[in-house]
Amino acid sequence: MGWLIWPDLANEAVVCQGKCEHRDCAAWRAQDLDCVYCEKKLQAGDAFYYVGERVAHRGCHIEYTERHDEL
């Protein structure tokens with residue numbers, strides 16, 4: 001499983017800041033930015049995993065999976 005770095009969505013080079021027809025821009029804007037585990041928002045530069053349709057900080061996800069592997 002690979003992790004990603006959350007982009008700076010306020011950067012015009014990443015996502016159009018005005019109205020546009022780009023599918024990628026719409027997909028980034030539609031993301032739920034709250035971590036599945038800690039419920040804090042992802043920030044630009046945060047390492048993260050997709051967990052189903054949602055996202056999780058890399059550290060939160062590793063901690064969760066390590067706790068549940070012990071069971």
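Computed from the coordinates by the stated procedures, all read-outs in this text should not be read as laboratory data. Quick caveat, the model's predicted, so the values are computed rather than measured. A quick note on method: Cβ atoms are made from the backbone with ideal geometry, for glycine too, and the neighbour counts reach across all protein chains shown.
Give me the percent relative contact order of the range 4-69, please, defined on Cα pairs under 8 angstrom at least 6 residues apart.
Numbers: 78 pairs, mean separation 20.8, N = 66.
In percent, rounded to a whole number, it is 32.
Beyond 17 Å, what percent of the Cα pairs of the chain remain?
On the way: 1172 of 2485 pairs.
Every Cα pair in the chain considered, those over 17 Å come to 47 percent.
Taking the number of other C-beta atoms within 10 Å as the exposure measure, put C35, C60 in order starting with the fewest. Please list the in-between numbers first.
On the way: C35 22, C60 19.
So the ranking, lowest neighbour count to highest, is C60, C35.
For each of K40, K19, count neighbouring Cβ atoms within 10 Å of the residue's Cβ, then give the residues from fewest to most.
Details: K40 12, K19 6.
Sorted ascending by nearby Cβ count, the order is K19, K40.
So which GluC sites (Glu not before Pro) in the range 11-71 end up in coil per DSSP with only 13 or fewer other C-beta atoms within 10 Å?
Values: sites: E12, E21, E39, E53, E63, E66, E70; in loops: E12, E21, E39, E53, E70.
Here the sparse-neighbourhood loop sites are E12, E21, E39, E53, E70.
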